[in-house]
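First comes the structure, then the notes that go with it.
Each value in this text was obtained by applying a stated rule to the coordinates, not by laboratory testing. Quick caveat, the model's predicted, so the values are computed rather than measured. Here the Cβ is made from the backbone with ideal geometry for all residues, glycine too, and neighbour counts use every protein chain on show.
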Amino acid sequence: MHYAFGGVCDATLTAKTADGALAAAGYADAVMTRYIVENGAIRDDLLTRSQLRDWVDGSDPLTGERRGRDLESPAADLILDATINAPKSFSIAAMLDPELAAAYEDLQDRLRDRIIKMWQTELNARRGKQGAIREDLARIEVVELRHERSRSLDPHKHRHLWLNVKVQGLDAKWSNVDTRVALRFQNVVNAEGDLASRTDPAWVAALAAKGFTLNADGEIEQLQHLVRPLSKRSAQIEANKAAHLRQWSLQHPDEKPSHAVLTQIDQWAWAAGRPNKPGSLNEDDWASMVVAELLHADPELGRSRSEVTTGSMAIEDLDLELLAAQAIVDADARSSGTGGRFSDLDVRAGAIRAIAAAGAIAEHAQLVKKVDEVISLAVRTHTVTLLSEPDIPAHIKRRMATSTATLKATVAHRTDSLAARGEVVPSTEIAAIARTIEPGRTLDDGQLQGASSIAGTDRIVAISGAAGTGKTTMLKVAGATLRRRGRNMIIVAPTKKASAVAGRETESESSSLHQLLYDFGWRWTRNPAGATEWACLKLGEVDPANGREYAGPRLGIGPGDRIVVDEAGMLDLESANALLDIVGRTGAGVALVGDQNQALPVGHSGAMALFWRRAPRQIELLTIHRFIDPDWADLSLRLRDPASQEQAAEVADDLIHAGHVVQASSDVEARNLMVDAWFNAVQTRRSIALVTATHSEAQAINEAIQARRVVSGSVDTNSSVLGQADQPIFAGDVVQTRRNDRTTNVQNRENWVVKKVTSAHVVLAAANDSTDLRRISLEYAASHLHLAYATTVYGVQGETTDLSIVGPGVDAAGLYVGLTRGKHDNRAVVVASTDASTRSQLVEAMQRRATEETLEKSRLAARSELNRAAQTVVGSNVAGSPALQS
């Protein structure tokens with residue numbers, strides 16, 4: 001489909017219904033192209049809009065015949081969407097030169113054909129009892145959407161490939177594609193896009209003929225500087241659009257804007273404020289005005305450029321050992337959610353990305369041979385194989401980086417060596433100290449046991465606490481007890497923000513965990529393959545960070561002192577390993593206080609589970625103190641970790657019946673509900689947390705709230721700065737800093753309100769104290785500042801608000817953390833039309849992946865995954881790279 005002059009791109013919203021697909025393609029031409037891939041050959045035909053609807057709904061668009069059995073779940077996807085994307089500088093080049101525009105279209109055509117052929121040969125359907133048999137595919141069908149612009153109508157050429165979930169097997173039967181395989185294969189699809197944009201000889205030659213080259217980031221070197229001016233203009237467009245839409249709504253209070261109205265508003269918003277704007281816009285007007293703006297931003301673009309010679313590394317000169325290491329680093333980095341396990345598909349994607357960035361320009365067939373060589377070397381040299389039987393499907397995550405496997409074994413050994421049982425402080429002494437600190441408060445049994453253990457002499461203490469169970473109160477009493485006994489308590493946390501709060505509230509010394517590790521000589525650097533390498537400096541050794549001799553730690557920690565890791569569920573294995581080294585050297589004890597059911601670490605998880613298993617005593621805090629409603633406190637405990645599918649179903653029913661679930665008919669309605677909730681909370685002077693499944697969804701909600709605030713005058717568009725990813729930020733916006741900075745005293749994931757933007761700085765006020773001001777540079781803002789009306793689970797971990805709204809698609813941790821932030825009310829938004837569908841989605845969201853803290857647990861998890869997968873019957877060929885079948 002060709003993207004007409006229609007504004008907002010909704011194609012990224014995966015279709016749940018045929019009407020939803022048509023809405024996403026609402027700006028399409030009257031007929032659309034369907035690509036049919038059958039036995040490796042591609043043909044195409046045209047579909048009308050009504051035929052497209054039938055096609056999405058699972059019928060043959062020409063005969064109306066139903067294809068296979070209907071999807072049972074109302075939440076099931078009817079199409080899977082893959083995007084052919086590229087840097088914006090490519091789109092700018094296409095705007096400036098018609099020959100480059102044609103070359104870019106050709107590049108996207110080649111990539112499309114490659115992707116849809118791979119889908120047909122490498123995806124599968126399922127047959128037999130419980131879908132145990134893999135059925136290779138004879139035929140798939142894809143519809144393509146071609147988009148020329150971003151949501152703000154600036155040049156951004158990209159395409160969406162809609163793969164119909166109805167596929168035909170080699171047995172000529174229609175059924176549904178194996179979505180688990182398709183989704184995991186997307187990693188390879190994305191890598192192929194990177195490879196094409198950087199190494200395609202025809203595209204690189206077309207750029208060189210016009211005097212353009214690609215830089216190390218894959219951008220067009222001579223045009224990259226124009227991306228930010230376009231983004232800044234986008235900010236004004238969104239403000240214009242919001243203002244005009246609000247004005248239209250006031251004039252038509254009982255109507256919803258039609259597609260035609262929205263298109264007119266988009267066009268007006270884009271043209272507003274531009275010199276010599278025409279009364280109405282068409283494609284030629286739009287293109288001419290964009291080119292004029294580009295030439296105004298950089299007059300040199302109007303001058304002819306001489307052809308340049310591009311340097312390219314010869315394929316035979318590629319460093320295969322380095323590429324193999326880079327491939328595994330890439331796969332390992334994407335494996336934190338699966339205990340460090342990755343699949344052959346992940347290794348393949350990593351190898352493709354490594355070669356894409358290596359500087360070679362060659363035909364795809366030549367590069368594929370190198371990809372296979374890199375894969376083979378990477379698997380042999382840098383991985384541990386958890387399952388070794390032949391013909392394992394390529395999507396099964398049955399490999400692990402050797403470095404990660406070694407790390408798991410090392411941390412397990414170190415925790416074992418510290419697991420000797422010590423003494424605890426008598427509970428009567430703890431209770432007496434608690435009454436001295438807070439006379440009106442009595443510790444519950446869990447808090448008493450926890451404080452007693454922390455103040456005792458066990459070298460390892462593990463305390464798990466549900467949200468709102470008073471962990472901070474327990475730590476305050478434990479710290480006072482230790483100090484009375486002449487011992488120190490040092491509180492650290494995976495984030496500076498969490499440690500600062502805990503230290504202040506418990507009246508104890510605190511720092512981020514990484515500050516403590518750094519003080520004791522630990523350093524982490526990137527090696528040539530991109531892996532983070534940890535090493536500990538010895539006394540007198542030259543510190544590569546500053547060139548001076550390392551003189552030892554400034555912080556005094558000795559035998560009997562207690563290092564407490566707060567929010568320990570977010571402790572990664574590398575940091576845990578370094579921390580255990582410090583515990584061993586100083587003779588101190590360590591206590592991990594957290595909840596494995598909340599957000600996991602960004603790196604490899606399992607540290608909290610290892611400590612829990614090895615600790616002489618395990619204390620669990622289960623008495624909820626946070627919530628006003630005692631019934632909700634009880635329900636939140638059951639939500640935390642249901643023991644079975646049946647219990648999860650009971651929790652889901654109770655959530656629905658108690659009014660903690662809001663149904664939405666679409667992703668768009670769900671987003672609007674969350675936006676409305678934010679404004680309602682502000683109007684009633686209550687704090688609110690909006691929790692989303694992904695960062696991109698959070699930013700979509702952020703921008704929607706920002707747009708409405710622009711209309712109401714709550715933010716000042718005359719005072720603005722560009723944040724992360726060129727996001728426009730105005731004075732009055734709620735934002736979040738994403739990196740610790742000692743010079744400005746801002747912390748990662750702290751929330752602020754923008755007070756003022758000057759030519760050199762952005763002035764921020766703390767979200768909960770308008771007199772607490774900070775000043776950050778424009779450079780910091782561009783790299784580490786983004787809107788924060790909504791956030792993912794990591795942004796609200798440890799926060800307490802009046803209300804909390806959780807968006808669709810969150811995992812178990814997101815659902816639990818999100819629904820335990822609000823003291824007064826917590827609600828989940830689910831895209832569903834019936835209670836049965838809502839219940840099913842909630843039950844699915846509550847399913848937790850088992851923690852894989854040991855190699856043995858990872859092997860069991862890989863085995864379980866294999867047992868659930870469709871497998872090729874004996875004698876059939878296994879699809880995938882030949883390098884992975886050895």
Packing-ranked peptide list from 206-217, 388-399, highest mean Cβ count within 10 angstrom first, is 388-399, 206-217
The aspartates and glutamates whose Cα lies under 15 Å from the Cα of K129, excluding any fewer than 8 residues away in the same chain, are D178
Answer in debye to the nearest 20: the dipole magnitude of segment 492-621 about its Cα centre, from +1 Lys/Arg and -1 Asp/Glu charges placed on Cβ, is 160 debye
In degrees, nearest 10, the alpha-carbon axis of helix 496-506 is tilted away from the dominant principal axis of the alpha carbons of the chain by 30 degrees
As straight-line cross-link partners of K88, the qualifying lysines (C-alpha separation under 21 Å, not fewer than 8 residues apart within one chain) are K157, K210, K232
Measuring from the longest principal axis of the C-alpha atoms of the chain, the long axis of helix 645-657 (C-alpha) lies at a number of degrees, nearest 10, equal to 80 degrees
Longest principal axis of the chain (C-alpha) makes with the long axis of helix 445-454 (C-alpha) an angle, in degrees to the nearest 10, of 80 degrees
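Given Cβ point charges of +1 (Lys, Arg) and -1 (Asp, Glu) and nothing else, what value in debye, to the nearest 20, does the dipole of segment 596-720 about its Cα centre take? All intermediate terms of the calculation are to be shown ahead of the outcome.
Numbers: 11 positive and 15 negative charges, 130 e Å.
About 620 debye.
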Between the residues A297, P201, V424, the Cα farthest towards the positive end of the dipole of the chain, that dipole coming from +1 and -1 charges on the beta-carbon of Lys, Arg, Asp and Glu, is from V424
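Mind ordering 323-333, 687-697 by average Cβ neighbours within 10 Å, highest first? Write down the numbers at each step before the final one.
On the way: 323-333: 25.3, 687-697: 20.9.
Descending packing order for the listed peptides: 323-333, 687-697.
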One point scatterer per Cα, no solvent, Debye formula: log10 I(q)/I(0) for segment 645-746 at q = 0.10, 0.11, 0.22 Å⁻¹ comes out as -0.41, -0.48, -1.32
For 172-179, 509-516, ranked highest to lowest by mean beta-carbon neighbours within 10 Å, the order is 509-516, 172-179
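Give me the percent of DSSP beta bridges within segment 630-845 that run antiparallel, rounded to the nearest 5. Could the numbers behind the result be given before it?
Working: 23 of 37 bridges.
Beta bridges within segment 630-845, antiparallel portion: roughly 60 percent.
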Footprinting proxy, V762, V384: sorted fewest to most Cβ within 10 Å, the residues are V384, V762
Magnitude of the Cβ-charge dipole (Lys and Arg +1, Asp and Glu -1) of the chain about the Cα centre, nearest 20 debye, reported as 2060 debye
Proxy exposure order for R821, R139 (fewest C-beta within 10 Å first) is R139, R821
Farthest towards the positive end of the dipole of the chain, among I729, G558, N867 and with Cβ unit charges of +1 on Lys and Arg and -1 on Asp and Glu, lies the Cα of G558
Dividing the helical contributions, -39500 (n - 2.57) per DSSP H run of n ≥ 4, by the residues of the chain yields a 222 nm value, nearest 500 deg cm²/dmol, of -13000 deg cm²/dmol
Rounded to the nearest Å, the spacing of the alpha-carbon centers of segment 387-450 and segment 808-823 is 23 Å
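Please say if segment 796-858 is rounded, prolate or oblate, where rounded means a/c under 1.5 for a ≥ b ≥ c the square roots of the C-alpha gyration tensor eigenvalues, and otherwise the choice is prolate for a/b larger than b/c and oblate otherwise? The partial results should precede the final answer.
Numbers: a/c = 3.61, a/b = 1.28, b/c = 2.82.
Oblate, since a/c reaches 1.5 and b/c is not below a/b.
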When the charge dipole of the chain is computed with +1 on Lys and Arg Cβ and -1 on Asp and Glu Cβ about the Cα centre, the Cα farthest towards its positive end, among V227, F212, Q108, belongs to V227
DSSP beta bridges in the chain: the antiparallel percent, rounded to 5, is 65 percent
Counting only residues 5 or more apart in sequence or on a different chain, those whose built amide H sits under 5 Å from that of T383 are T402
